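Data first, discussion second: the structure below is written as structure tokens.
The values are calculated or read from the model by the stated rules, or taken from the named source; none is laboratory data. In this text, all values refer to a predicted model and were calculated from it rather than measured experimentally. Note that we place each Cβ from the backbone using ideal geometry, even for glycine, and neighbour counts take in every protein chain shown. Just the protein is used for accessible areas: all its heavy atoms, side chains included, with ligands, DNA and RNA removed. Shrake-Rupley method; radii C 1.70, N 1.55, O 1.52, S 1.80 Å.
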Amino acid sequence: MAPVSPEAGNILFLIAGGLALFSLRVADLTTIGRPLVWMPLLGLALLGVAFIAGAGTIRGLEGLLPFAPVLAIWPLIMLTRDSQPVDPELIAIFSLIGTAGALAIALNDYLMMGAIRAGASVANPIHFADVALLAGYLSLIGLIYVQSVWRFTFLSGPVLAALAATLSGTRGAVVALVLMAITAVVIAGALRLIKMRVLIAAGVVAAIGLLAGFAAGLGQTTGVQRVMLDIADVMQTGLPTDGSTAIRLSMYQGGLNAFVASPIFGHGPFSFVEAAAASVEAPLFVGAPHLHNDLVDFAASAGILGLIAYGLLMLAPLVEVLRAPPSAKRNGILVVVSTLVAGHFSMGLTNAMFGILTVTVYFAAICVIVGVLVEPSSSNAKTLPEGVQA
């Protein structure tokens, strides 16, 4: 639901997570050693300590509220302990449907409503593009679990997401989709999950698709034009010269200065933007809610403890897969999860991801899905031998 109706999806997820808390039992404490459980909890604990110290009051804990969706990961994973395993095919299908819905919204906004940046009808265009990309690449788990030739349908997920992200005009998402594609191909190749002939065929199809897209006017979309202008600026001057980039660079410099001024605990969740603005001449971002970069936000608001917390949150799903018992599906899951983590990190370099409700909820949902798929007692991963090639 996040790509097409984020508010409703957020509400349902938070309600489900809140109700699931009441299903936790004492016996579930044995699962606290799972990376998807202890890493986010430790990360939030470190943030809590830093926020209290930075704010100088217990009210600093209020800064944890935007991270509340992360608390739902553990109880939601535990919901499957007494039930039948979740069907991974349904997860892939729903992800693909959500991605297709995102593209439908983007096309309607761009072609019918004349919007310069698609997605604004349902969300901030940046967050719209972020979630669309994550949903599109999440749908690739269909390649792992669907055994028929229809599994190749799920290759359309990243393509649909890329089109939606491009129409949104979000430069960070356009860069991220390239990084995610490279990550998926490189890791799948390293694990020998892709035959060379399949890779070559996919490259040819992608090239033909790009040529067809540019012939149809893809080059005239805001996303492509903004990226091309940035590339031209970088080649000429070394940095993009538009106003949006100037604001971000001012934010990053101010955030770095704020971190250096208070490196251990930061300035707390309420004052870090003001601290960043006060440290630079002629700040361009006074009154902004964040500094448009996850690393800078965590560093300025919570110092070194915040950066550690960020690493714990970001790497939790990846460590969960790496620590999972060997199975027929683990390599495939590793490719998908690595791609999602790389994308989340990349998009977080140009805009806040953690702390933004829709994206934080979606990250938590991805963690829940990963936890269910690699559950040791699950029968989700038992058919194909390890290392089977596509």
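Laid out as a table, the results:
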| read-out | value |
| --- | --- |
| Check on Pro35, under 18 Å from Val370 (Cα atoms) and in contact with a Phe, Trp or Tyr (Cβ under 7 Å, 6 or more places away or on another chain) | no |
| Near pairs, Cβ below 9 angstrom, 6+ apart or cross-chain, from segment 305-331 (in a helix (DSSP H, G or I)) to any residue that is among the polar types (S, T, N, Q) | Leu318/Ser338; Val321/Ser338 |
| Unmet requirement for Ile264, which otherwise passes all of (1) buried (at least 21 other Cβ atoms within 10 Å of the Cβ); (2) touching a Gly at 6+ places or on another chain (Cβ under 7 Å); (3) touching a residue at least 40 places away in the same chain (Cβ under 8 Å) | (1) |
| Cβ-Cβ under 9 Å pairs, at least 6 apart or on other chains, segment 141-167 side farther than 25 Å from Met347 by Cα and in contact (Cβ under 8 Å) with a residue 60 or more places away in the chain, far side aliphatic (A, V, I, L, M) and assigned to a helix (DSSP H, G or I) | Ile144/Ala92; Ile144/Ile333; Ile144/Val335; Ile144/Val336; Ile144/Leu373; Tyr145/Ile91; Tyr145/Ala92; Tyr145/Leu373 |
| Residue within segment 89-101 that is more than 22 Å from Val370 (Cα to Cα) and modelled with pLDDT under 95 present | no |
| The listed residue being assigned to a helix (DSSP H, G or I), at negative phi and in contact (Cβ under 8 Å) with a residue 12 or more places away in the chain, out of Leu19, Leu41 | Leu41 |
| Residue list for segment 339-353, restricted to those being part of a loop (DSSP other than H, G, I, E, B), open to solvent by less than 10 Å² (accessible area, probe 1.4 Å), in contact (Cβ under 8 Å) with a residue 60 or more places away in the chain and farther than 13 Å from Ala123 by Cβ | Ala352, Met353 |
